[in-house]
Amino acid sequence: MNQIIDNIRKRRSIRKYKDKAVPRKIIEEIIEAGRYAPSSHNSQPWRFVVVTNRKKIRELSDYIKRWFRARLKLGRIAAIFSSPLKEGIEKIKKRTYTEQDLFFYDAPLLVLICSKKGTFHIKDCSCASQNMFLVAKSLDIGSCWIGFADLVLSKSRRILTELGIPRDHELMATLIFGYAEKFPKQAFPRKEEAAIIKWIK
Ligand SMILES: Cc1cc2nc3c(=O)[nH]c(=O)nc-3n(C[C@H](O)[C@H](O)[C@H](O)COP(=O)(O)O)c2cc1C
């Protein structure tokens, strides 16, 4: 099978990582994949913040935990989720009331993508993210998009400033990378083709 198709089919979100740093050369290759993503009018609106400092990653994870804990306590969590609401809240509880890092899963590398607001900046940065996931996979590196982190970190100007994200930029994507403890052999089941494709011939 063609390598790209194979990577697309075999990529999985990884939530268990080896305690091993990702070499700089590989990190650069992953970012390069983001740089080569398509973007509207070739605007390339993305900026990448690369965090390899494990203490910093843990601090950010703890901040997210505290943020959710406070909202759970006040019963102000429902507004954050669209459906399926209950499932979202259960996931948050599981990740919040534990000593483990169930937001970044102890990943050794965090890449935040930010961008100035534009017409298509969300789509541009999403294209960059997927490029990065696929190249990571091809280099034997696991990855996962952490939407819970986007949600929380994007609301704190203090954290964004600490991360060097300019005032006129928004946080678009929080991505983790690392050597997978193991790569699952199979993709998650996908919806039936008939349910998601409409042909107009
Ligand atoms: C925008 C976005 C946000 C996500 N947020 C999280 C998250 O906060 N935590 C997590 O463990 N996985 C997160 N994921 C991973 C999804 O759960 C995962 O992609 C999905 O279950 C399909 O599994 P697969 O990636 O292994 O194919 C996110 C994925 C996307 C695209």
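The values are calculated or read from the model by the stated rules, or taken from the named source; none is laboratory data. Nothing here was measured: the structure is a model prediction, and the numbers come from that model. Cβ atoms come from the backbone with ideal geometry, glycine included; neighbour counts cover every protein chain shown.
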Limited to the stretch 96-131, what total is found for residues that are touching a strand residue (DSSP E or B) at 6+ places or on another chain (Cβ under 7 Å), assigned to a loop (DSSP other than H, G, I, E, B) and either of a type in the set (A, V, I, L, M, F, W, C) or on the phi > 0 side of the Ramachandran plot (or both)?
4
Going by the conditions given, is residue 39 touching a residue at least 24 places away in the same chain (Cβ under 8 Å), more than 21 Å from residue 148 (Cα to Cα) and touching a Pro at 6+ places or on another chain (Cβ under 7 Å)?
yes
I want to confirm something. Restricting to the stretch 129-157 and keeping residues that are among the charged types (D, E, K, R) and more than 21 Å from residue 54 (Cβ to Cβ), which single residue is surrounded by the most Cβ atoms within 10 Å (Cβ to Cβ)?
137
Restricting to the stretch 48-89, name every residue that is within 17 Å of the chain's Cα centre (by Cα), among the polar types (S, T, N, Q) and within 16 Å of the ligand (Cβ to nearest atom).
61
Checking residue 92 against (1) at pLDDT below 95; (2) more than 10 Å from the ligand (Cβ to nearest atom); (3) of a type in the set (Val, Ile, Thr), the condition it does not meet:
(2)
Of all residues being surrounded by 14 or more Cβ atoms within 10 Å (Cβ to Cβ) and either away from the ligand (no atom under 16 Å from the Cβ) or β-branched (Val, Ile, Thr) (or both) in the stretch 1-17, which is nearest to the chain's Cα centre (by Cα)? Just the residue, please.
14
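Per-residue answers, yes or no, for (1) farther than 18 Å from residue 176 by Cα; (2) of a type outside the set (A, V, I, L, M, F, W, C); (3) loosely packed, with under 15 Cβ neighbours inside 10 Å:
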{"site": "55", "(1), (2), (3)": "no, yes, yes"}
{"site": "58", "(1), (2), (3)": "no, yes, yes"}
{"site": "61", "(1), (2), (3)": "no, yes, no"}
{"site": "64", "(1), (2), (3)": "no, no, no"}
{"site": "75", "(1), (2), (3)": "yes, yes, yes"}
{"site": "80", "(1), (2), (3)": "yes, no, no"}
{"site": "88", "(1), (2), (3)": "yes, yes, no"}
{"site": "102", "(1), (2), (3)": "no, no, no"}
Helices (runs of 4 or more DSSP H) wholly in the stretch 132-201 with at least 1 residues that are at pLDDT 95 or above and within 12 Å of the ligand (Cβ to nearest atom) - which ones?
147-153
Could you give every pair whose Cβ atoms fall below 7 Å, whose first residue belongs to the stretch 134-147 and is within 16 Å of residue 61 (Cβ to Cβ), and whose second residue is surrounded by fewer than 20 Cβ atoms within 10 Å (Cβ to Cβ) and of a type in the set (S, T, N, Q), counting only separations of at least 6 or pairs across chains?
144/13
Which of the residues spanning the stretch 104-128 are within 11 Å of the ligand (Cβ to nearest atom) and surrounded by 20 or more Cβ atoms within 10 Å (Cβ to Cβ)?
104, 105, 107, 125
In the stretch 33-40, is there at least one residue being within 13 Å of the ligand (Cβ to nearest atom), closer than 22 Å to residue 137 by Cα and loosely packed, with under 14 Cβ neighbours inside 10 Å?
no
